Structure formats: C-alpha cells, structure tokens
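To start, the structure itself, in structure tokens.
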Amino acid sequence: MTAVGIERAHIYGISMGGGIVQEIAINHPDRVLSLVINCSFAKMDRYGAHVTENIMNVYRAQGAREAAKHMTLFCYTLSYFNTHKDEIDAKEQSIGNAERPAHAFIRSTEACIGHDARARLGQINVPTLINCGSEDTWCSVGCTEELARLIPGARLKLYPNSSHFFLNEHFDQSMADILAFLSSVQIQAGKAA
C-alpha cells in the first residue's frame, strides 16, 4: 500500500486471506477502512485443521494436482460439485498447475493451522462484514460465528446451501451484499467527515 501511495483501504480476504486481513487490522489499524472476511476463521476448529493437514500430506506425498482434487471436495457442496463439472475441473487444474514452490504451499497450510487471533480480535475497530457458506466444513459456520462474535460490531451473513466457495455458488447475491456493505461504509465515512 505504501509503495503505491495508498494510505488507507478497504481490506478483503478469503479463507487464509481472512486470517491475513485480521492481522493487518490488528497490527496496522490506521491503514484499514473496513474488512470483508469470507469463509475464514479466528482459529481453525479441529475438523478444519485436520482437513488442512490431510491436504498438506497429500501435497507432500503426491504433489499439487492430487492435492487440488482433495481441496475441491471441501470447497463445494455435493450438489454443486456434481452439477458443475467443467467449472470444478478447471478449478482443480488451476490449483494443481499453480507455479509455486512446494515449501510455499506447506508453509501456507502450517500458517492456517497455527493462526489464532481470538485474544486480539477485540482490537479491531472498523466496519467488518463476515460471510460464510452454511455448509462450509473446512472453515465451519461455528468458526465464522466465533469470528463475528469476537470482532466488535461485525456483521455476519450465511449463504444457504453453499460451502467454502460460496462466492461461486452465490456469486450474484454475495457480490451485491459485499458492494452494499462497502457503499454503506462510504456513506458512514462521509457523514463522519
């Protein structure tokens, strides 16, 4: 942000990125106008950590392409997975062909498992929207509800019949909700000025 001359911004994070934006808001509150956190966690529950560890082990043993096949199973609901073959095949190929060193993937998964901002989330003092699919098992509704409870004034939106990639499953509605949230933040900022 400093390099491109942006003093403050609306910060947006998905999954692990949701953990990253929590850290930005906690450690650099003067740089954040608002947060949008999608399918994320303050700390992964046991199930989510187990899924992440299993995918990391598949990646180590069989490589990125096989790990991608396991990842998508936790990213979509069963019905969406079964009815959107081309989209999911393309997603698996994209994830599996990503040109990143193996150590980067391993360290990213370890960072997700180790992330725990629960004791510090009360420091966040910006408008925050938290979104989740109602059937997300990887970053569960329980984790999402905890995140919303720990960030003062956070708004929570659950998307029905969707999982970790609820943004795909409910694209039009989720984008409309996110844009409405950002517009309301802009309006509030204008009234405060």
Lone unmet requirement of (1) closer than 17 Å to ALA25 by Cβ; (2) under 13 Å from the mean Cα position of the chain (by Cα); (3) among the β-branched types (Val, Ile, Thr) for VAL126
(2)
Can THR137 be described as in contact with a strand residue (DSSP E or B) (Cβ under 9 Å, 6 or more places away or on another chain) and either on the phi < 0 side of the Ramachandran plot or assigned to a loop (DSSP other than H, G, I, E, B) (or both)?
no
So which residues in the range 151-191 are over 18 Å from MET16 (Cβ atoms), of a type outside the set (D, E, K, R) and within 16 Å of the chain's Cα centre (by Cα)?
ALA154, LEU156, LEU158, TYR159, SER162, HIS170, PHE171, SER174, MET175, ILE178
Based on this model, can you work out whether GLY133 counts as in contact (Cβ under 8 Å) with a residue 12 or more places away in the chain, over 30 Å from ASP30 (Cα atoms) and either touching a Phe, Trp or Tyr at 6+ places or on another chain (Cβ under 6 Å) or of a type in the set (Lys, Arg) (or both)?
yes
Positions within the range 119-176 being of a type in the set (Asp, Glu) and under 22 Å from THR83 (Cα atoms), in sequence order
GLU135, ASP136, GLU169, ASP172
Condition met for CYS132 (in contact with a strand residue (DSSP E or B) (Cβ under 9 Å, 6 or more places away or on another chain), hydrophobic (A, V, I, L, M, F, W, C), at negative phi and assigned to a helix (DSSP H, G or I))
no
Within the range 59-117, track down each residue that is of a type in the set (Lys, Arg), part of a loop (DSSP other than H, G, I, E, B) and touching a helix residue (DSSP H, G or I) at 6+ places or on another chain (Cβ under 7 Å).
none
Selected residue (only one of ARG118, ARG107 is touching a strand residue (DSSP E or B) at 6+ places or on another chain (Cβ under 9 Å), farther than 25 Å from SER174 by Cα and among the charged types (D, E, K, R))
ARG118
In the range 16-56, which residue that is β-branched (Val, Ile, Thr) and outside any helix (DSSP H, G or I) is farthest from CYS139 (Cα to Cα)?
VAL32
Checking the structure you have, find out if any residue of the range 110-124 is on the phi > 0 side of the Ramachandran plot, exposed (fewer than 15 other Cβ atoms within 10 Å of the Cβ) and either of a type in the set (Phe, Trp, Tyr) or free of Cβ contacts under 8 Å to residues at least 60 places away in the same chain (or both).
no
Kindly indicate whether GLY13 is assigned to a helix (DSSP H, G or I), at pLDDT 95 or above, of a type in the set (Gly, Ala, Ser) and under 19 Å from the mean Cα position of the chain (by Cα).
no
It is to be established whether one or more residues within the range 19-32 are hydrophobic (A, V, I, L, M, F, W, C), over 21 Å from GLU135 (Cβ atoms) and more than 18 Å from the chain's Cα centre (by Cα).
no
Within the range 97-104, can one find any residue that is over 18 Å from MET16 (Cα atoms), surrounded by fewer than 17 Cβ atoms within 10 Å (Cβ to Cβ) and in contact with a Lys or Arg (Cβ under 9 Å, 6 or more places away or on another chain)?
yes
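The values are calculated or read from the model by the stated rules, or taken from the named source; none is laboratory data. Model, not experiment: these values are computed from the prediction. Here the Cβ is made from the backbone with ideal geometry for all residues, glycine too, and neighbour counts use every protein chain on show.
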